[in-house]
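Notes follow once the structure below has been shown.
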Amino acid sequence: RPSRTPEEVFAHYIEPFGDGHLRWTGPHRGRTDLLHAEGRVFNARHVAFRAHHGRDPHGYVRRSCTHPGCIAGPHLTDHTIRHQPDPQPPDLPDTLDAIYHAIFGSHQ
């Protein structure tokens, strides 16, 4: 019988709980969730991250939610996500002018 893929093994060992959270029910080594597939050992958080974000994680994978043990892909971050520059705020004077003109109209 062919070996299962990491995604198939991942699906076998997750359990939904709460609002969009997933709990790992498979093997562990210390605090690392392990996944055995295709004759190799994978970090289950990396598999979840890759499945959700469509790329391999860079650096340590952490939870962004407060539920201990959650392994849901949308709740995982890597170095790249945690260190993205803050989005630039809108140009405030133009925004205030637009609001003023929407309320009071343009006076020439």
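The values are calculated or read from the model by the stated rules, or taken from the named source; none is laboratory data. All of these numbers come straight from a predicted model, not from anything done at the bench. Positions of Cβ are generated from backbone atoms using ideal geometry, with glycine treated the same way; all protein chains shown enter the neighbour counts. Heads up: the accessible areas ignore ligands, DNA and RNA and are worked out on the full protein's heavy atoms, side chains in. Shrake-Rupley method; radii C 1.70, N 1.55, O 1.52, S 1.80 Å.
Determine, yes or no, whether residue 57 is modelled with pLDDT of 90 or more and not in a helix (DSSP H, G or I).
Criteria met by residue 57.
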| said: For a quick check of your reading of the model, give me the residue pairs whose first member lies in the range 36-59 and is in contact (Cβ under 8 Å) with a residue 24 or more places away in the chain, whose second is open to solvent by 50 Å² or more (accessible area, probe 1.4 Å) and among the acidic types (Asp, Glu), with beta-carbon atoms closer than 7 Å and at least 6 apart or on different chains. | reply: 47/7; 51/7
| request: Determine if the range 68-83 includes at least one residue that is surrounded by fewer than 10 Cβ atoms within 10 Å (Cβ to Cβ) and at pLDDT below 90. | output: yes
| task | Could you list, in sequence order, all residues of the range 16-27 that are surrounded by 12 or more Cβ atoms within 10 Å (Cβ to Cβ) and not in a loop (DSSP other than H, G, I, E, B)? | result | 17, 21, 22, 23, 24
| Is it the case that residue 48 is at pLDDT 95 or above and open to solvent by less than 80 Å² (accessible area, probe 1.4 Å)? | yes
| task | Tell me which residues, restricted to the range 28-45, are under 25 Å from residue 82 (Cα atoms), touching a helix residue (DSSP H, G or I) at 6+ places or on another chain (Cβ under 7 Å) and surrounded by fewer than 19 Cβ atoms within 10 Å (Cβ to Cβ). | result | 34, 42
| query | In the range 60-86, how many are touching a Gly at 6+ places or on another chain (Cβ under 7 Å), free of Cβ contacts under 8 Å to residues at least 24 places away in the same chain and closer than 21 Å to residue 12 by Cβ? | reply | 0
